[in-house]
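Participant: What follows is a single structure, and I will ask about it in a moment.
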Amino acid sequence: MIRVLVVDDHPIVRHGLRGAFAGADGFEVVGEAADGAEAVRRAAALRPDVVLMDLRMPGTGGVAAIRQLAPRVKVLVLTTFDTDADVLPAIAAGATGYLLKDAPVEELLRAVGAAARGEAVLAPAVAGRLMGHVRRPAHGALTERELQVLRLLADGAGNREAAARLLISEASVKTHLLHIYDKLGVRDRAAAVAEAFRRGLVS
């Protein structure tokens, strides 16, 4: 019996997922949570085999929760969003798989079973994005200053804080960020940090 914790901020989605698992042998929904912080607490109490995790939720989001749960708990992302800014941070945080909410019930059940066994599960659109990201050519090495900005970003610093710590202007930080995005082939902070972790530029 695979024990599942369902995490989504929409009650109707949680209800629908309960119904999907109720009609299938070998699965038990042991609990629900409406945000990432509640998911972490409930996972500690209920010890599910798989946490089915939405990403964008009020309060604590899915990626922050995944960082606390993985790799102790297998986390399968189930979301509507498949942009680089959503996919890359979730995978970097330790998600076992990434599925979209338009997946058929049979695919969802197979994915949860595979995640419980520790197998990576990716929706075709997500797999295509990751392959394209890996194959994307590098646009030159980062300078030492760009690496410093990137590491502060990974630590959660904003532009003002980064500027103060590096003794440069906010405008300079913004310029460095644009160069970082271009060289890493990304479009925003979250994707830049995820790519930096993937490449081992930050730890």
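The values are calculated or read from the model by the stated rules, or taken from the named source; none is laboratory data. These figures come from a predicted structure and were not determined experimentally. Ideal geometry is used to build each Cβ from the backbone, glycine not excepted, and the neighbour counts take in all protein chains shown. The area values use the complete protein model at the heavy-atom level, side chains included, leaving out ligands, DNA and RNA. Shrake-Rupley method; radii C 1.70, N 1.55, O 1.52, S 1.80 Å.
Participant: When all protein chains stay in place, what accessible area (Å², nearest 10, 1.4 Å probe) is found for ILE91?
Facilitator: Accessible area of ILE91: about 60 Å².
Participant: Separate question: Cross-link candidates for LYS101: which lysines have Cα within less than 29 Å, leaving aside residues fewer than 8 places away along the same chain?
Facilitator: Filter leaves LYS74.
Participant: Farthest toward the dipole's positive end in region 32-184, which of ALA44, GLY128, GLY62, given Cβ charges of +1 (Lys, Arg) and -1 (Asp, Glu) about the Cα centre?
Facilitator: Of the listed residues, the answer is ALA44.
Participant: Return the long-range amide H neighbours of ALA33 (sequence gap of 5 or more, or a different chain), with a cut-off of under 5 Å between placed amide H atoms.
Facilitator: VAL6, VAL7, ASP8
Participant: Moving on to the next point. Add +1 for every Lys or Arg and -1 for every Asp or Glu among the other residues with Cβ under 9 Å from the Cβ of LEU177, and state the total.
Facilitator: Values: positive: LYS174, ARG189; negative: GLU146.
For residues surrounding LEU177, the net value is +1.
Participant: Which lysines have a Cα less than 25 Å from the Cα of LYS183, not counting those fewer than 8 places away in the same chain?
Facilitator: Within the straight-line limit of under 25 Å, LYS183 reaches these lysines: LYS174.
Participant: Something else now. Can you give the accessible area of MET1, probe radius 1.4 Å, in Å² rounded to 10?
Facilitator: Using a 1.4 Å probe on the heavy atoms, I get roughly 150 Å².
Participant: Stretch LEU46-HIS179 to full length: gain in nm at 0.36 nm per residue minus the Cα-Cα span?
Facilitator: Values: separation 133, 0.36 × 133 = 47.88 nm, distance 4.53 nm.
Full extension from LEU46 to HIS179 adds 43.4 nm.
Participant: Which of the peptides 68-80, 115-127, 181-193, 14-26 is most tightly packed, and how do the rest follow, going by the mean number of other Cβ atoms within 10 Å of each residue?
Facilitator: Values: 68-80: 20.6, 115-127: 16.2, 181-193: 18.6, 14-26: 13.9.
My ranking of the peptides, most packed first, is 68-80, 181-193, 115-127, 14-26.
Participant: With +1 on each Lys and Arg Cβ and -1 on each Asp and Glu Cβ, how big is the dipole of the chain about its Cα centre, in debye rounded to the nearest 20?
Facilitator: Numbers: 26 positive and 24 negative charges, 109 e Å.
Dipole of the chain, to the nearest 20 debye: 520 debye.
Participant: Excluding ligands and nucleic acids, what accessible area in Å² is computed for VAL51 using a 1.4 Å probe, to the nearest 10?
Facilitator: Roughly 0 Å² of VAL51 is accessible to a 1.4 Å probe.
Participant: How high is the relative contact order of the chain, in percent, with contacts defined as C-alpha pairs under 8 Å that are six or more residues apart? List each step's numbers first, then the result.
Facilitator: Details: 314 pairs, mean separation 31.0, N = 203.
Taking the mean separation of contacting Cα pairs over the length of the chain, I get 15 percent.
Participant: With a Förster radius of 35 Å, plug the Cβ-Cβ distance of ALA85 and ALA164 into 1/(1 + (r/R0)^6) and report the FRET value to the nearest 0.05.
Facilitator: 0.85
Participant: Let me ask you something else. Non-local amide H neighbours of LYS74 (under 5 Å, H modeled in plane, Pro and chain starts lacking H): which ones?
Facilitator: Close amide H contacts, sequence-distant or interchain: VAL51.
Participant: Taking only Cα atoms and a 10 Å spring cutoff, compute GNM fluctuations for the chain and point out the largest among ASP84, ASP49, ASP102.
Facilitator: Sorting by GNM fluctuation, first place goes to ASP102.
Participant: For every other residue with a beta carbon closer than 12 angstrom to the beta carbon of GLY94, add +1 if it is Lys or Arg and -1 if Asp or Glu, then tell me the sum.
Facilitator: Numbers: positive: ARG67, ARG72, LYS74; negative: none.
Charge balance in the 12 Å sphere: +3.
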